[in-house]
Amino acid sequence: MLKRIFILALIAFAISAQAQVTSSSLAGNVKKSGGEALIGATVKATHEPTGTVYTTQTRGDGVYNIVNMIPGGPYRLEVTFVGFSPFTQTIAALPLGETTRIDADISASDETLTTVVVTATGTTRRKTGASTSISKAQIEALPTLSRSLSDITRITPQATGPNSFGGVSNRFNNITIDGAVNNDVFGLASNGTPGGQANTTPISLDAIQEVQVVLAPYDITFGNFTGAGINAITRSGTNKYEGSVYYFMRNESTVGKDPLSRAKTADFSNKQYGVRFGGPIIKNKLFFFANGELSRITQPTIYNAGEPGALLTQTEAKDIADYMRSTYNYDVGSYDKFDAETQSDKIFGRIDWNINDKHRLTVRHNYIKAYDDNISRSPTLFRFGNNAYRFNNEQNTTVAELRSRFSNRVSNNLIVSMQRIRDFRTTYGSLFPFIEISKGSANNGIQIGSERSSVANELDQDILEITDNVKIFKGKHTFTIGTHNEFFKFRNLFINNFNGRWTFSNIDALKANNPRQVQATYSNISGNLKPSAEFSAAQFGFYAQDEIQFNQQFRLTFGLRADMPVVNDEPAFNKAVDSTFKGQYSTSYIPNKQLLWSPRIGFNYDVEGNKKMIVRGGAGVFTGRVPFVWVSNQFSNNGLLLNTISVSDNTTTPANEVNGGKGFEPDPAKQSTTGSAGRTFEVNLIDKDFKFPQVFRVNLGTDIRLPGDIQATFDVMYSKTLNNIFYTDVNLAPPAGIVDQAYNNGADKRIAYSSST
């Protein structure tokens, strides 16, 4: 049924629209010298770098609109009409995702032609909500250490951290590149982008043309965020062959000393090599752009055995290594300096084709292959070399965009994107159980063996995205109708402690084969050693909007958006869980097909009619999504896919002792047999009243042009969370009372829990 609905929606919108995040727009009025609207005047805008021409005619009220334009510039704008002198202006640049207003008064043909250069400053733009546009010139001028989008977007006034805006986690942003979603939709990367766990970025900064950050855009085509929308477009070729070769380097010599201890920074190396080149294949018709970049980082470990402040001396480390080799024939790896490596290779290619004066096609592909070694040492933690793991990432993303103008009244923008992401971890050395040894105190730990979270850790993501938007111009109205749809397919393999996790009280206990605890997670599915969570999902979005230009000074926008998340599969039903919670919670319940409404209204008012002061603002609801890892947990942690053992030595019953009193089991394949008791399972549940995140925002701002061509912007924004995410441990028994009020002079009144159900 959902498939039929979607196909019908595509048919309905196949004759439509303009993408909100990949292009720019021009609008204005054409009048005679006496102020009368000029009907049927030809308006032509030429993008000078590519020779791309956009043509339209003024409608019955003298209004014109040109959409789906290449951001940037310069542009040459010409207005002509028989019997009148041509009107010509040069526009320095058109900002991404915004409409620039240029009005024209043309005179009878015996009057003098004038040429004016116009820079599309904030006061000529027609934005309503809080937003920041970052041009190519700004990107090239800004200092950057990581050469990532987060280094660029930090100039947004509402930025509160790396890709965090308005105090909201970056997992609730919506990042698009060339109109296609580029989020870490699964939600595991700390930077909120695909490949973040491999310490790579979604695209080379040298391939970026312009970036826009929006927090309260009242244009209804923006959605899927409660933090911010981050829109980036890539460079394209022009009629001029242009290229660049670049090299960036950082090492310990470029970093200052610690401000407190005055200690020098440990040795490291960070190098980036890249090349970009673009130009015409057919002048004014077909263009190419390509970028390749290599990143190589080496970060040696500190607090190695025998170094000042290290947890182990050289003698202690060698003693442990010799014991493990002689007793279990296991190589623990290096206990001297370990050179952790990070490597990232990026290849980007783009083709732009001016099919004719009505249609323009863009196709681009981005490939990334990266890995990041993970090992850390500190005064309280020592990890032997083969306890390190490598996080691997490979991405392929293809985006096709067709921009069309069917008439002076109807334009269309269609974007189709396919993304394939593969993440997986690999461990160092031969497969071996994970061992933790306390040294001196419970807070000091030595780690040996294969890293416990990396032996069974893989994530496959396949994402298809289809966006189609229409703009219909009628009188003072600009109607927008569109749909945005994303289809996801996931396979998540994650079995913590799959190779067993053994804890020893001290080094002597290790040598005496006297473990304190063993934990292991193993498959509960016969014939499937490593079962994974596999499911598919979708997010449908439909919206409509009316933009009314009442006069040259006042514009009002209002619209309604509906989003519906869908999970196509149902998790397995665990009867034991249902019985325990008496039907209040179920492992099979997934919040599904919720229709989430986002009404919005915004305005833009040119106070004096001369673009020197613009007051703007609006109010609206913004609907986000949740990281799919939270949904995936319901498929994997339902008590049916996996079982867990956890046995400690705090019992006098021999049958319940760690491994039945036999001690450490070195074979990773036999970990599920090491505890005859203590078998449990973990369950993740979603409440039946769960709602996807939504936020209500109101903002008021003004843009003022000051003397010296200085632009001042003032924004006030208020946010109120409507739906948010809460966690609770439903396994806890009812409260047993309150914390002893003797603490904190009787002021401590926290609730105390004594046990689990």
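Bear in mind these aren't lab numbers, they're just calculated from the coordinates by the rules spelled out. Given the structure is predicted, the values throughout are model-derived calculations rather than measurements. Ideal geometry is used to build each Cβ from the backbone, glycine not excepted, and the neighbour counts take in all protein chains shown.
Relative to the longest principal axis of the chain, what angle (0 to 90°, nearest 10) does the C-alpha long axis of helix 314-328 take? Helix 314-328 sits roughly 70 degrees off the main axis of the chain. Projecting the Cα atoms of Thr58, His484, Ala263 onto the charge dipole of the chain, computed from C-beta unit charges around the Cα centre, puts Thr58 farthest toward the positive end. Among residues other than Tyr328 with Cβ under 15 Å from its Cβ, the summed charge is -1 (Lys and Arg +1, Asp and Glu -1). Peptide packing: for 525-533, 89-97, the average count of neighbouring Cβ atoms within 10 Å per residue gives the ranking 89-97, 525-533, highest mean first.
Which of the listed residues, Tyr543, Gly229, Ile446, is farthest toward the dipole's positive end in the chain, when Lys, Arg count +1 and Asp, Glu count -1 at the beta-carbon? Value computed over the given set: Tyr543. Packing around the peptides 460-471, 140-151, taken as the average count of other Cβ atoms within 10 Å per residue, puts them in this order, highest first: 460-471, 140-151.
Each of Lys31, Lys337 was scored by other Cβ atoms within 10 Å of its Cβ. Arranged with the fewest first, they read Lys337, Lys31. Based on alpha-carbon centroids, what's the gap between the range 137-160 and the range 506-544 in Å, whole number please? Each part's Cα centre sits 38 Å from the other's. The ranking of His477, His365 from fewest to most other beta carbons within 10 Å of each one's beta carbon is His477, His365. So for the range 331-433, averaging the separation of alpha carbon pairs under 8 Å that are six or more residues apart and normalising by length, what relative contact order in percent results? Computed value for the range 331-433: 27 percent relative contact order. What the phi angles of the range 243-249 give under the Karplus curve with 6.51, -1.76 and 1.60, with θ = phi - 60°, is a coupling list of x, 7, 10, 9, 8, 10, 9 Hz, glycine and proline written as x. Per residue, the average separation of C-alpha pairs within less than 8 Å and at least 6 apart gives the chain a relative contact order of 10 percent. Here's the list of lysines a cross-link from Lys530 could span, going by alpha-carbon distance under 18 Å and ignoring same-chain residues fewer than 8 apart: Lys670.
Candidate values [x] 3, 12, 16, 16, 13, 10, 8, 7, 5, 4, 3, 2, 1, 1, 0, 0, 0; [y] 2, 12, 20, 22, 18, 12, 8, 4, 2, 0, 0; [z] 2, 13, 21, 24, 20, 13, 6, 1, 0 were compared with P(r) over Cα pairs in 10 Å bins from 0, in percent computed on the shown model; the agreeing label is [y]. With respect to the chain, whose longest principal axis is taken over its alpha-carbon atoms, helix 2-13 is tilted by about 20°. When each of Leu431, Leu260, Leu596 is scored by the number of other beta-carbon atoms lying within 10 Å, the sequence from fewest to most is Leu260, Leu431, Leu596. Using 0.36 nm per residue and subtracting the Cα-Cα separation, the extra length available between Asp709 and Ala92 on full extension is 220.7 nm.
For the range 602-619, backbone phi angles converted through the Karplus equation (6.51, -1.76, 1.60; θ = phi - 60°) give residue-by-residue couplings of x, 9, 9, 10, 7, 4, 9, x, 10, 6, 7, 9, 10, 9, 8, x, x, 8 Hz, Gly and Pro being listed as x. Backbone amide hydrogens, once placed in the peptide plane, bring Gly306 within less than 5 Å of Leu312, Thr313, Gln314, excluding anything fewer than 5 places away on its chain.
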